[in-house]
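Take a look at the structure below.
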Amino acid sequence: MYSMNVEIPFETERHAKIALNSVIQDEEPRAGTHIERKISVERNLLKVSWEAEEARILRTSAQSLLQLLVLVTQTIEQFDGLE
Amino acid sequence: MVIIVGFEGSANKFGVGVIKDGEILSNPRDTYISPPGTGFRPPDAARHHRNVALRILKEALTEAKVKVSEIDAICYTKGPGMGAPLVSTAVVARAIAQLWKKPLLGVNHCVGHIEMGRLVTKADNPTILYVSGGNTQVVAYSKQCYRIFGETLDIAIGSCLDRFARVIKISNDPSPGYNIEQFAKKGKKFIMLPYVIKGMDMSFSGILSHVTKLAKTKMGSEEEMAQFKNDLCYSLQETLFAMLVEVTERALAHTGSTEVLIVGGVGCNIRLQKMMEAMCEERGARLCAMDDRYCIDNGAMIAQAGLCAFNAGVRDKLSDCSITQRFRTDEVDVIWRIDYKRIKAGVI
């Protein structure tokens, strides 16, 4: 079993929650192999943990989530407080 | 006054549209184009969407000249489509909805095409031919549902054309279908191809295998080969479009409607429009067709279908705003359209 834990600090708790609620809806379907992803927010920290049978599956899941989180961060930077 | 921002990104195009009560305020789009001889891979299209999303959103807002406070809701494509591009698009829409504290609505991509077609062409109750790279359906409205009368049994017609373009290595810019149409104009000889209609459904994969084999086994001088390419494009278009027109005609006879609406990327094809027009004329119907701005996937169509649902009181919880690769047209509760016949008859 492989596992990975990541903590991403956001400027505010609100931003961390926005990030959480932007990515939590889509669970990746994995036929045949076990993978579990948990996401939570603690103050301004977005915490993600993975557990998977195969390292390769863990890597793809982590990579795709991190890419999406970069996108969320850019969206927050450019569009928060826009009037 | 209701203002909706729509995000579309279910395949290789990313678009954001702003609609104000049925008026299109802006509708910028960016297309991911793969090199000749190759199709687009979903991860590449998703990366493209992530790279252009925020720029396109800014363009849409600037051109529409709307303030964030005036926007009523954000809409995005829930499905059907390719997973990775759908997710990348949905993530931006979800973040924006939260940042601006707006309701978020998931829209069926096919219903988006249909509502956009009805808006742009002013068709009231058309029989719809929806033809694109991922879908081929003949649809008509009945009792709060866009019912599918006929559809493809295997690949979409656009997929058949795109993949044939790959076989004969023609450019994907601006789109494979557009380039096939240009080659077809120079076609002189009609080559007999399989014609596959089963009841109201169509099949394209066998035709694709057949033309692929013809293209790969033909030998000749450079000049002969060039003309053969033109003839194949011409024959393929004639055969495929005849199938579409046949099924649409039968659906039209069944529904008794007086309008035919063509939507989806393949709907830009002028030859298809001409063939459909000839059929419509014979039946005393009106053809409603559009140009590439609205036929091809765009953000405004998602905003428009979202506007219809929003005005009818539909609201989604943020936690329900997922994406789904499979989402049939007839799964949507079309509560914004009324069944006039039943009201007149006093049934409801």
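The values are calculated or read from the model by the stated rules, or taken from the named source; none is laboratory data. This is a predicted model, so every value here is computed, not measured. A quick note on method: Cβ atoms are made from the backbone with ideal geometry, for glycine too, and the neighbour counts reach across all protein chains shown. Ligands, DNA and RNA are stripped out before the accessible areas are found, and what is left, the full protein with its side chains, is counted by its heavy atoms. Shrake-Rupley method; radii C 1.70, N 1.55, O 1.52, S 1.80 Å.
Peptide B:54-60: average number of partner chain Cβ atoms within 10 Å per residue?
Shielding by partners across B:54-60 averages 2.
Which value, in square angstrom to the nearest 100, describes the accessible area buried between chains A and B on both sides, using a 1.4 angstrom probe?
1900 Å²
Given the DSSP H assignment, sum -39500 (n - 2.57) over each helix run of at least 4 residues in chain B and divide by its residue total; what's the result at 222 nm in deg cm²/dmol, nearest 500?
One gets -14500 deg cm²/dmol as the mean residue ellipticity at 222 nm.
What net charge is computed for the residues neighbouring B:H109, neighbours being all others with C-beta under 9 Å from the C-beta of B:H109, Lys and Arg scored +1, Asp and Glu -1?
It works out to a net charge of -1.
For a Förster distance of 56 Å, can you work out the FRET efficiency between the beta-carbons of A:L82 and B:K143, rounded to the nearest 0.05?
Efficiency for this residue pair is about 0.85.
Rounded to the nearest 20 Debye, what is the dipole magnitude of chain B about its Cα centre when Lys and Arg each give +1 and Asp and Glu each give -1 at the C-beta?
480 debye
Once every DSSP H run of n ≥ 4 in chain A is given -39500 (n - 2.57) and the sum is divided by its residues, what mean residue ellipticity at 222 nm do you get, rounded to the nearest 500 deg cm²/dmol?
-14500 deg cm²/dmol
Relative contact order of the stretch B:126-293, please, whole-number percent, based on alpha carbon pairs below 8 angstrom and at least 6 residues apart.
28 percent
Can you give the Rg/Rh ratio of the stretch B:19-140, where Rg is from the C-alpha atoms and Rh is the Kirkwood radius?
0.97
What spacing in nm lies between the two simple spin-label points modelled at B:E23 and B:K213, each 7 Å away from Cα in the Cβ direction?
Label at B:E23, label at B:K213, 5.8 nm between them.
Express the C-alpha Rg of chain A as a ratio against the empirical globular expectation 2.2 N^0.38 Å, rounded to two decimals.
With N residues counted in chain A, Rg over 2.2 N^0.38 Å equals 1.16.
Quick one: what does P(r) look like for chain B with 10 Å bins over all Cα pairs, in whole %?
6, 26, 32, 23, 10, 3, 0, 0
Looking at the protein assembly as shown from every direction and averaging, what is the projected area of its Cα convex hull in nm²?
Result: a mean projected hull area of 23.3 nm².
Exposed loop sites here are trypsin sites (Lys or Arg not before Pro) in DSSP loop states with at most 13 other C-beta atoms within 10 Å. What is the longest stretch of chain B lacking them?
After excluding every exposed loop site, the longest remaining stretch is B:219-314.
Using a probe radius of 1.4 Å on heavy atoms only, what accessible surface per residue do you get for chain A? Whole Å² is fine.
So chain A comes to 57 Å² accessible per residue, rounded to a whole number.
Which of the listed residues, B:T121, B:L99, B:T89, is farthest toward the dipole's positive end in the stretch B:59-127, when Lys, Arg count +1 and Asp, Glu count -1 at the beta-carbon?
B:L99
Enter the mean number of other protein chain beta carbons within 10 Å of the beta carbon of each residue in B:81-93, as an integer.
3
In the stretch A:33-72, which residues give up 10 Å² or more of accessible area once the other protein chains are added, compared with their chain alone (1.4 Å probe)?
Residues shielded by partner chains are A:Q67, A:L68, A:L71, A:V72.
Go through the stretch B:313-327 residue by residue and turn each phi into a ³J(HN,Hα) via Karplus (6.51, -1.76, 1.60, θ = phi - 60°); whole Hz please, and just put x for glycine and proline.
x, 6, 9, 10, 6, 4, 5, 8, 7, 8, 10, 8, 6, 10, 7
Which residues does the label zone of A:E51 cover in the stretch A:7-34, counting backbone N under 15 Å from a point 7 Å along Cα→Cβ?
A:34
Write out the chymotrypsin sites (Phe, Trp or Tyr not before Pro) in the stretch B:175-275 meeting two conditions: DSSP loop, and at most 16 other Cβ atoms within 10 Å of their Cβ.
Numbers: sites: B:Y178, B:F183, B:F190, B:Y195, B:F204, B:F228, B:Y234, B:F241; in loops: B:F190, B:Y195, B:F204.
Passing both the DSSP loop test and the Cβ count: B:F190, B:Y195.
Could you check the spin-label model distance between B:K317 and B:D154? Points 7 Å from the Cα along Cα→Cβ, value in nm.
Distance between the two pseudo-spin positions: 4.3 nm.
Label B:T62 and B:K101 with points 7 Å out from Cα along Cα→Cβ: what is the distance between them in nm?
2.8 nm
Angle between the Cα long axis of helix A:55-79 and the longest principal axis of chain A, 0 to 90 degrees, nearest 10?
Around 10 degrees separate the two axes.
For the stretch B:126-293, what's the radius of gyration and Dmax over Cα atoms, in angstrom?
That works out to 16.0, 58 Å for Rg and Dmax.
From Cα pairs below 8 angstrom and at least 6 apart in sequence, can you work out the relative contact order of chain B, rounded to a whole percent?
26 percent
Taking the square root of 5 times each eigenvalue of the Cα gyration tensor, what semi-axes in Å does the equivalent ellipsoid of the stretch B:127-176 have, largest first?
Over the Cα atoms of the stretch B:127-176, the ellipsoid semi-axes are 29, 10, 6 Å.
With all protein chains present, how much of the accessible area of the stretch B:126-293 (probe radius 1.4 Å) comes from carbon and sulfur, to the nearest whole percent? If you can, show how the numbers build up before the last one.
Working: 3790 of 7450 Å².
Whole-percent figure for carbon plus sulfur exposure: 51.
Note down the Stokes-Einstein diffusion coefficient of the stretch A:3-48 in µm²/s, whole number, using a Kirkwood radius over alpha carbon pairs, 37 °C, and 0.692 mPa s.
Values: Rh = 11.5 Å.
Estimated via Stokes-Einstein, D reaches 286 µm²/s.
Amide H neighbours of B:R286 under 5 Å, at least 5 residues apart or on other chains, H built in the peptide plane: list them.
B:E259, B:V260
Write down the accessible area per residue of chain B in Å², having rolled a 1.4 Å probe over the full set of protein chains.
Accessible area per residue, chain B: 42 Å².
Relative to the first principal axis of the alpha-carbon coordinates of chain B, what is the inclination of helix B:83-99, with its axis defined by its Cα atoms, in degrees from 0 to 90 and to the nearest 10?
20 degrees
Residue by residue through B:255-266, how many Cβ atoms from other chains fall within 10 Å of the Cβ on average?
Values: counts 0, 0, 0, 0, 0, 0, 0, 0, 0, 0, 0, 0.
Shielding by partners across B:255-266 averages 0.
Would you mind checking the tilt of helix B:157-167 against the longest principal axis of the Cα atoms of chain B, expressed as 0 to 90 degrees and rounded to 10?
Helix B:157-167 sits at roughly 50 degrees to that axis.
Listed here are the pairs B:K13/B:K78; B:K65/B:K102; A:K38/B:K317; B:K13/B:K101; B:K78/B:K102; B:K169/B:K216; which of them are more than 23 Å apart at the Cα?
B:K13/B:K101
Taking every DSSP beta bridge with both residues inside chain B, roughly what % is antiparallel (nearest 5)?
That works out to approximately 60 percent antiparallel.
At R0 = 25 Å, how high is the FRET efficiency between B:K188 and B:A242 if r is their beta carbon distance? Nearest 0.05 is fine.
0.85
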